[in-house]
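Read through the structure below, which is laid out as structure tokens, and then see the notes.
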Amino acid sequence: MSTEVKVPVLGESISEATVGEWLKKPGEAVAQDEPICSLETDKVAIDVNSPTSGVMGELMVAEGDTVVVGAVITTIADGAGAGDKTVSPRKDEDTSVPSQSTPAPAEGDDAVVLSPAVRRAVLEHGIDPTTVKGTGKDGRLTKEDVLAAAEAKKSGAAPAAAPAPAAGEAPAASGRNVERVKMTRLRQTIAKRLKSAQDTAALLTTFNDVDMTAVMEARSKYKDLFAKKHDVRLGFMGFFTKAACLALKDVPSVNAQIEGDEILYHDFVDVSVAVSAPNGLVVPVLRDADKKGFAQIEKDIADFGKRAKEGALTMEDMKGGTFTISNGGVFGSLMSTPIINPPQSAVLGLHRIEDRPVVVDGQIVIRPMMYIALSYDHRIIDGREAVTALKIIKEAIEDPTRLLIDL
């Protein structure tokens, strides 16, 4: 007797996904709730777990195929009689010519695509994925590759060398390799949404610069006490999130959005925080940020970052949001014009801090300065409102006391 494995409910308004990677092969033993497949949706990658213990049956879909919610993708046999069939070639594939796998990413390449299960294994065993040769489709790493590398690391053995080219295969010209990798569903969605924002919204960006002296002094003075009391690091995002909440309350249109021929004004602030994940940029939502203290904001953001790296963010984590903060400064960006996250109407861009000469009380002094940018939809936000909102953020950061007295 076999148990069908179906595509689970993926979230509100999401009806299909792409098969990212099969984590188990036909004929392999699986335990109940063990991940057997990873699916890529428009927003997150999720694991499909085995509903029961048994033996992996036939794979009814291949990696890269699109599947709908409720579709049967494989079966789990109760005993050892499970089939060991693999997916038959697609009709559009030419079986007369041996296919060549796409080369794995070169050593040091940061764009290694990892499934949720592989990411967990990498983190658990402390393996650098760029140093391991993948044996999965298109050179992708599998969980078994990571486990083998972990064993080799323990025993001190050198990683297995890449197999030599088969007879008749011409080696690629040195320095002239081209790798063709299909865009993930998440990357395709990011591309569509960003292009849609440019096509639909009347985008404009206003800039200002901020003297970070006061915030840096506050962090230096209280960071140890803060970490000891709240068990979380005091970062810059807490200050900027609280400053943005002040600005959005004073300038409601920056926290609003267009729906048809109406404007929706929110009496709450749900901040989407741009986080870098292995498969692209994701924006989990910090809900009711205006009602949270520094410690809770920092804890929530740290949790988002951790789960983004592990591929553990859920659809609910990224649902909604009224305003976005994107910190390109962590990557060294000096200045940028961020794109809004539809249907939101504005996004705050943060950048790197660098010492620059500025004039204070008629004297030229060196101060740690940061450029900040507010991109906004001019259809709903006037220039005066955008400049005012950014100025409120600047003033709150330069004088953090304003955050305490709601000024």
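The values are calculated or read from the model by the stated rules, or taken from the named source; none is laboratory data. What you are looking at is a predicted structure, and each value in this text was computed from that prediction instead of being measured. Cβ: placed from backbone, ideal geometry, glycine included. Neighbour counts: every protein chain shown. Ligands, DNA and RNA are excluded from the accessible area calculation, which covers all protein heavy atoms including side chains. Shrake-Rupley method; radii C 1.70, N 1.55, O 1.52, S 1.80 Å.
A few comments on the model shown:
- Here ALA247 passes the criteria (1) closer than 30 Å to ARG356 by Cα; (2) in contact with a His (Cβ under 7 Å, 6 or more places away or on another chain) except the one numbered (2).
- When the residues of the range 185-206 are filtered to those that are of a type outside the set (Val, Ile, Thr) and touching a helix residue (DSSP H, G or I) at 6+ places or on another chain (Cβ under 8 Å), the one that is surrounded by the most Cβ atoms within 10 Å (Cβ to Cβ) is LEU203.
- Meets criteria (in contact (Cβ under 8 Å) with a residue 60 or more places away in the chain, within 30 Å of PRO35 (Cα to Cα) and surrounded by fewer than 18 Cβ atoms within 10 Å (Cβ to Cβ)) for GLU316: yes
- Filtered residues of the range 340-359 (kept if surrounded by fewer than 19 Cβ atoms within 10 Å (Cβ to Cβ) and in a loop (DSSP other than H, G, I, E, B)): PRO342, PRO343
- Scanning the range 285-333 for residues that are in a loop (DSSP other than H, G, I, E, B) and of a type in the set (A, V, I, L, M) gives ALA312, LEU313, MET315.
- Put simply, of THR337, THR322 the only residue that is farther than 25 Å from HIS230 by Cβ, open to solvent by 50 Å² or more (accessible area, probe 1.4 Å), hydroxyl-bearing (Ser, Thr, Tyr) and more than 13 Å from the chain's Cα centre (by Cα) is THR337.
- Filtered residues of the range 364-407 (kept if polar (S, T, N, Q) and either under 28 Å from the mean Cα position of the chain (by Cα) or at pLDDT 95 or above (or both)): SER375, THR388
- The one condition in (1) touching a strand residue (DSSP E or B) at 6+ places or on another chain (Cβ under 9 Å); (2) buried (at least 19 other Cβ atoms within 10 Å of the Cβ) that ILE392 fails to fulfil: (1)
Matching residues to (1) more than 22 Å from the chain's Cα centre (by Cα); (2) modelled with pLDDT under 80; (3) among the small types (Gly, Ala, Ser):
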| position | (1), (2), (3) |
| --- | --- |
| VAL122 | no, yes, no |
| ASP145 | yes, no, no |
| ASN177 | yes, no, no |
| MET183 | no, yes, no |
| LEU186 | no, yes, no |
| LEU194 | no, no, no |
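- Qualifying residues in the range 227-245 (those that are among the aliphatic types (A, V, I, L, M) and modelled with pLDDT under 95) - the one farthest from the chain's Cα centre (by Cα): ALA227
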